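The values are calculated or read from the model by the stated rules, or taken from the named source; none is laboratory data. Source: prediction; values computed, not measured. Positions of Cβ are generated from backbone atoms using ideal geometry, with glycine treated the same way; all protein chains shown enter the neighbour counts. For accessibility, only protein heavy atoms count, side chains too; no ligands or nucleic acids. Shrake-Rupley method; radii C 1.70, N 1.55, O 1.52, S 1.80 Å.
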Amino acid sequence: MLKVDPIDPEKEIVGEAIRILSEGGLVAFPTETVYGLGADSFNRDAVKRIYSVKGRPPDNPLILHISDFRELEVVAREVPSFVYELASKVWPGPVTFVLKKNDLVLPEVTAGLPTVAVRCPAHPVALSLIRGLGNPIAAPSANLSGRPSPTTADHVIKDLSGKIEMILDGGDTFFGVESTIINLTTDPPVLLRPGPVGVEDLERLTNLKVLIPAFAKGLGEAGVALSPGTKYRHYSPQTKLILVESGQCITQSDYLEYVKSLINEYLRERLRVAVMCSRETCSSYGNLTKLEVGSRNNLYEVAKNLFKKLREIDELGADLAISESFEERGVGLAIMNRLRKASSRVVFCVPTRQRVTID
Ligand code: TXA
Ligand code: MG
C-alpha cells in the first residue's frame, strides 16, 4: 500500500501502479465515488482475476473507466450525438453510461452483454492511471462481493489484503456512493443505479424524461438483462439492520416517535439495539448506541459517511441496528437505494395516534 496525494499524485507512485497494471496486475485506487479495483481492460486474465478476487458472480459486468469523453468510441459503437453532448457536461464525474458495446471490449468485461458501462472519473489519481496505461481500466468497487463499497484504503485492506498487487491510499473518497448509472440504449433512458448526480440534473441536461424503475430505488429486482448487479443483495452488515421508512408519517415528530417506540419494543425483549441517525435526530435517542451519519440538510454528507457507518455497525456488539431513512431527492435516492439493499427488513412508519391495537 502506498500513500498518494489525491489532488496532485506523485509521478513515481503513479508510474509504479501503471507498470503493475500493464503487466496484468490489479491495483486498487481512489475515485471520486468509491475505491475501484482496476485492471487493464484489454488483458483477459487480469479481468478474470477481478471476479475471482472479489468473489463476484460471473454474470455481473464491470464498468470501464476512460480519461476523456472522446475515448467513448474505443469502447462503444453507434453513440448518439446527444450522448457526447451529455458526456461533455457531466464528465469527468460520477455518471456511468450504458451504451452499445464495441467489438474491442472483452466479453469478460461485459459478462457477455451486448452493452458496455463506461465512465470518466473525476479523481486525479484515477485519471492519471488511465492516461498512463493508455487503455480503459476495468474497475468494480474494491470490496468483497456483497460488502459495502470502500470509501477509504483501510476498507480495501480489510476486504482484499494479500490478494492484489497494490493499493493506492488517496484518503477518503469525495462522494462516498457509487456513480449514477443510466442506460442510454433505450428510449426513454432508464436509471439503473442512483448515485451522486440526481435524476433531476440528468433530465435537465438531456431534456429527456428518465425512467426510474422500482429496482433503482432499491425495491424489488431488475430483470437480469437490465442491470445484473441490481439483483444481488449488497452492502449488508452482519448485524441485522432494520430500515424505518417514512411510510404514512409526514412530520418528523411522528416519525421519531415511531422509531423510538419500535426501539423500545426490542429493548423490552432485552436486545442490544443501535440506531443509525441524522445529526438533527440522534440526540433524541438518549443513551442508546448511536451512529451519526450526517445532516438531513446536507445529503451529500450522509452519502459520504454511509458505507463507513454501515461497516461500523458490526463493531458495536449490538443484536440489531435500526436506521432512519432520508428524503429521496437528489443524492437521497442513492442513499435510500443503498439502505434498502443493506437492510434485512424494512418497516413503514405509522403515526402513533393512527395505530390500532387489537386485543
Ligand atoms: O462509482 C462507481 O461506479 C465505482 C467506481 C470504482 O467507478 N464502480 C462501481 O462498480 O461501482 P461496480 O462493479 O461495483 O458496479 C457496477 C454496476 C453493477 O451493478 C453492474 O451490474 C452494472 O454496473 N453494469 C455494468 N455493466 C453493465 C451493463 N452493460 N449493463 C447494465 N449494467 C451494467
Ligand atoms: Mg460494487
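A few remarks follow.
- The selection criterion, being farther than 25 Å from Asp201 by Cβ and within 20 Å of the chain's Cα centre (by Cα), holds for Glu312.
- Residue in the range 130-152 that is over 23 Å from the mean Cα position of the chain (by Cα) and either within 15 Å of ligand 1 (Cβ to nearest atom) or open to solvent by less than 10 Å² (accessible area, probe 1.4 Å) (or both) present: no
- Residue that is open to solvent by less than 20 Å² (accessible area, probe 1.4 Å), basic (Lys, Arg) and not assigned by TED's automatic domain parsing to the domain that holds Lys158, where the choices are Arg329, Arg338, Arg272, Arg279: Arg338
- Top-ranked residue of the range 49-76 - restricted to ones that are away from ligand 1 (no atom under 13 Å from the Cβ) and charged (D, E, K, R), ranked as modelled with the highest pLDDT: Arg49
- Strands (runs of 3 or more DSSP E) wholly inside the range 139-220 that include at least 3 residues being more than 16 Å from ligand 2 (Cβ to nearest atom): 166-169
- Listed by position, the strands (runs of 3 or more DSSP E) inside the range 1-72 whose residues that are more than 16 Å from ligand 2 (Cβ to nearest atom) and either out of contact with any Leu (no Cβ under 9 Å at 6 or more places or on another chain) or assigned by TED's automatic domain parsing to the domain that holds Gly146 (or both) number at least 1 are 27-30, 35-40.
- Residue check, Val79 touching a Leu at 6+ places or on another chain (Cβ under 8 Å), open to solvent by less than 50 Å² (accessible area, probe 1.4 Å) and within 16 Å of ligand 2 (Cβ to nearest atom): no
- Residues (among the acidic types (Asp, Glu) and not in a helix (DSSP H, G or I)) located in the range 96-136: Asp103
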